[in-house]
Amino acid sequence: MTTAKLFFDHVHIISQDPLTAADWYVTHLGGKIAARAEVRGAPQIAVAFEGVTILIRGRRSGETVSAKAGLQWGTDHFGFGVAGDFDGFCRQLKDRGVVFSLDPTDFGPSLRIAFIQAPDGVSVELLQRRGAD
């Protein structure tokens, strides 16, 4: 039996405008730009959060990219846990113009969630497990 262990490393997003998208994650969700590079002919920006990185890259020469048309098979969204004042954090985001596709709501007795719209058709879940803050 191998001793290898999995750990979560990153989410990778293809963006029409990587710099603007990275700036959105920094401005609205508190990420930090960890690296900028050109990778195989496309700009790529790493935005770091506690324990995970979002890699945002542009289109490479010769690639055909299309906009998401709504719910599709495959990855639907990714989520960030929120410690502290969940509703206050969501109000702050709304005040800064972040669009919510689902306002803060209880999703069972021990979970509160909301969904926001990020650049490039990306859906981000915000969640707070009761007792986790």
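Taking only the range 1-17 into account, find how many residues are without any contact (Cβ under 8 Å) to a residue 40 or more places away in the chain and in contact with a helix residue (DSSP H, G or I) (Cβ under 6 Å, 6 or more places away or on another chain).
Looking only at the range 1-17, we keep the residues that are without any contact (Cβ under 8 Å) to a residue 40 or more places away in the chain, and these are 1-7.
Narrowing further to those that are in contact with a helix residue (DSSP H, G or I) (Cβ under 6 Å, 6 or more places away or on another chain): none.
Total meeting the criteria: 0.
Considering only the range 13-25, state which residues are under 20 Å from residue 66 (Cβ atoms) and either assigned by TED's automatic domain parsing to the domain that holds residue 124 or of a type in the set (Gly, Ala, Ser) (or both).
15, 21
For the range 106-116, what are the residues that are touching a Lys or Arg at 6+ places or on another chain (Cβ under 7 Å) and loosely packed, with under 12 Cβ neighbours inside 10 Å?
The answer is 106, 110.
Going through the range 19-33 one residue at a time, which ones are part of a strand (DSSP E or B) and surrounded by 14 or more Cβ atoms within 10 Å (Cβ to Cβ)? Before you say what the answer is, go through the steps one by one.
Here is the first cut: in the range 19-33, the ones part of a strand (DSSP E or B) are 32-33.
Matches in the range 19-33: 33 only.
What are the residue pairs meeting all of these: first residue in the range 18-32, first residue in contact (Cβ under 8 Å) with a residue 24 or more places away in the chain, second residue of a type in the set (Phe, Trp, Tyr), Cβ atoms under 8 Å, and 6 or more apart or on different chains?
29/49; 29/80
Which one of the conditions (1) surrounded by 13 or more Cβ atoms within 10 Å (Cβ to Cβ); (2) free of Cβ contacts under 8 Å to residues at least 12 places away in the same chain does residue 95 fail to meet, given that it meets all the rest?
If we test residue 95 against (1) surrounded by 13 or more Cβ atoms within 10 Å (Cβ to Cβ); (2) free of Cβ contacts under 8 Å to residues at least 12 places away in the same chain, just (1) comes out false.
Is at least one residue of the range 4-11 touching a strand residue (DSSP E or B) at 6+ places or on another chain (Cβ under 7 Å) and surrounded by 12 or more Cβ atoms within 10 Å (Cβ to Cβ)?
Yes: the range 4-11 contains one or more residues that are touching a strand residue (DSSP E or B) at 6+ places or on another chain (Cβ under 7 Å) and surrounded by 12 or more Cβ atoms within 10 Å (Cβ to Cβ).
Being surrounded by 13 or more Cβ atoms within 10 Å (Cβ to Cβ) and at pLDDT below 95: is that true of residue 129 here? Write out each step before concluding.
Details: surrounded by 13 or more Cβ atoms within 10 Å (Cβ to Cβ): yes; at pLDDT below 95: yes.
Yes; evaluated as a whole, the condition is true for this residue.
Give the residue that is farthest from residue 74 (Cα to Cα), with candidates limited to residues of the range 85-109 that are small (Gly, Ala, Ser) and at pLDDT 95 or above. So that I can check it myself, show each step before the final result.
We begin by selecting, within the range 85-109, every residue small (Gly, Ala, Ser); these are 88, 97, 101, 108.
Retained after the next criterion (residues that are at pLDDT 95 or above): 88, 97, 101.
Numbers: 88: 32, 97: 28, 101: 19 Å.
It comes out as 88.
Hey, among 84, 74, 51, 70, which residue is over 15 Å from the mean Cα position of the chain (by Cα), loosely packed, with under 10 Cβ neighbours inside 10 Å and under 19 Å from residue 127 (Cβ atoms)?
Details: 74 fails: under 19 Å from residue 127 (Cβ atoms); 51 fails: over 15 Å from the mean Cα position of the chain (by Cα); 70 fails: under 19 Å from residue 127 (Cβ atoms).
Result: 84 is the single residue among 84, 74, 51, 70 that is over 15 Å from the mean Cα position of the chain (by Cα), loosely packed, with under 10 Cβ neighbours inside 10 Å and under 19 Å from residue 127 (Cβ atoms).
The values are calculated or read from the model by the stated rules, or taken from the named source; none is laboratory data. These figures come from a predicted structure and were not determined experimentally. Neighbour counts run over all protein chains shown; Cβ positions are idealised from the backbone, glycine included.
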